[in-house]
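Q: Handing you this structure, nothing more for now.
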């Protein structure tokens, strides 16, 4: 092999190593093999439970696991393993850990004993912070339970337990802990009561509690979250999209570059568009309004899995407008980003309209 070839080979190897180092590396093998490896290396196990229809699982792969800081820490400190919760041994493993939503990322001791979990999607920096904490035994559900056993009236421990269950989407379990924080510390000396009140408002869907929060703690640092709560509940619970838009416009005036606001607004637009296109009584004018909303929404979802959701909605819109060629173009765009059963069914409907005599496979 000549010197140039050796140079090129070394360059390829360096580039390959650099690509791999920027992604979380997942171990191959069975659950038992992963346990054996973790025990041999005495490392925490990170188990990513996913499904092939889970859009946020795709986001986790594309955004979080390709984050350099996340990858560097995960690869150095953990055994990382992915399992489809609806296939093969994943079905039983998911039952073992009582996984009910996706994505769910569970951190365990080397023997498989759960340390704690992340339910749903977290942005890279928050994911990294949580992952480090679980590896170091900080803010785990086990530690919080021990703190409450030692002192049931520990304000911070009650808040952390309530927030933990809130993050698990176990709202009824979270509520008593959050209410107890409000009872134990009505003056918010600990700095957790205002947060607890906000989460109680979320769980109870009680707008009066929100008003009480603002009135009682005017200098609270959760004003943004409280205002966002009003915007989100206006359309999620009341189907009042115009009122929600008023709230969002005000929020953008005060918090223009807030990433959480941008994400929430993208979900609002996707929901509003979908409500229009799935309404059997939607007029052509309303469908065209949905197209305009889609143009705005694109700026917030481009480059994410939600871009596929937007294209799916546009396919539905153009299907209702009888523009089947455009409908096909958009559903193909959706499938190119995230291929799932719903998108494929839409594609078959469109193809049937374009060529009624064709037999689709």
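Q: List pairs: first in the range 66-90 and outside the structural domain of residue 112 (by TED's automatic domain parsing), second part of a helix (DSSP H, G or I), Cβ under 7 Å, 6+ apart or cross-chain?
A: Cβ pairs passing all conditions: none.
The rows are residues; the columns are (1) over 24 Å from residue 227 (Cα atoms); (2) modelled with pLDDT of 95 or more; (3) in a helix (DSSP H, G or I).
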site: 148; (1), (2), (3): yes, yes, yes
site: 153; (1), (2), (3): yes, yes, no
site: 157; (1), (2), (3): yes, yes, yes
site: 164; (1), (2), (3): no, yes, yes
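Q: Let me confirm something: among 171, 197, which residue is within 24 Å of the chain's Cα centre (by Cα) and more than 25 Å from residue 121 (Cβ to Cβ)?
A: Of 171, 197, the one residue that is within 24 Å of the chain's Cα centre (by Cα) and more than 25 Å from residue 121 (Cβ to Cβ) is 197.
Q: Residue by residue through the range 23-55, note down the ones that are surrounded by fewer than 16 Cβ atoms within 10 Å (Cβ to Cβ) and over 17 Å from residue 89 (Cβ atoms).
A: Correct list: 25, 39, 40, 41, 42, 53.
Q: Here is a follow-up. How many residues does the range 219-243 contain that are part of a helix (DSSP H, G or I) and within 19 Å of residue 269 (Cβ to Cβ)?
A: Matching residues across the range 219-243 total 13.
Let's see how each residue does on (1) modelled with pLDDT under 95; (2) buried (at least 19 other Cβ atoms within 10 Å of the Cβ); (3) under 19 Å from the mean Cα position of the chain (by Cα):
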{"residue": "71", "(1), (2), (3)": "no, yes, yes"}
{"residue": "75", "(1), (2), (3)": "no, no, no"}
{"residue": "78", "(1), (2), (3)": "no, yes, no"}
{"residue": "94", "(1), (2), (3)": "no, yes, yes"}
{"residue": "104", "(1), (2), (3)": "no, yes, yes"}
{"residue": "123", "(1), (2), (3)": "yes, no, yes"}
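Q: Considering only the range 106-120, how many residues are under 16 Å from residue 60 (Cα atoms), modelled with pLDDT of 95 or more and not in a strand (DSSP E or B)?
A: Residues meeting the conditions: 0.
Q: Where residues in the range 255-275 are in contact (Cβ under 8 Å) with a residue 24 or more places away in the chain and over 19 Å from the mean Cα position of the chain (by Cα), which of them is surrounded by the most Cβ atoms within 10 Å (Cβ to Cβ)?
A: The selected residue is 273.
Q: Filter the range 276-287 down to residues that are touching a residue at least 24 places away in the same chain (Cβ under 8 Å) and over 17 Å from residue 239 (Cα atoms) and give me whichever is nearest to the chain's Cα centre (by Cα).
A: 287
The values are calculated or read from the model by the stated rules, or taken from the named source; none is laboratory data. Just so it is clear, the structure is predicted and the values come from calculations on it, not from any experiment. Positions of Cβ are generated from backbone atoms using ideal geometry, with glycine treated the same way; all protein chains shown enter the neighbour counts.
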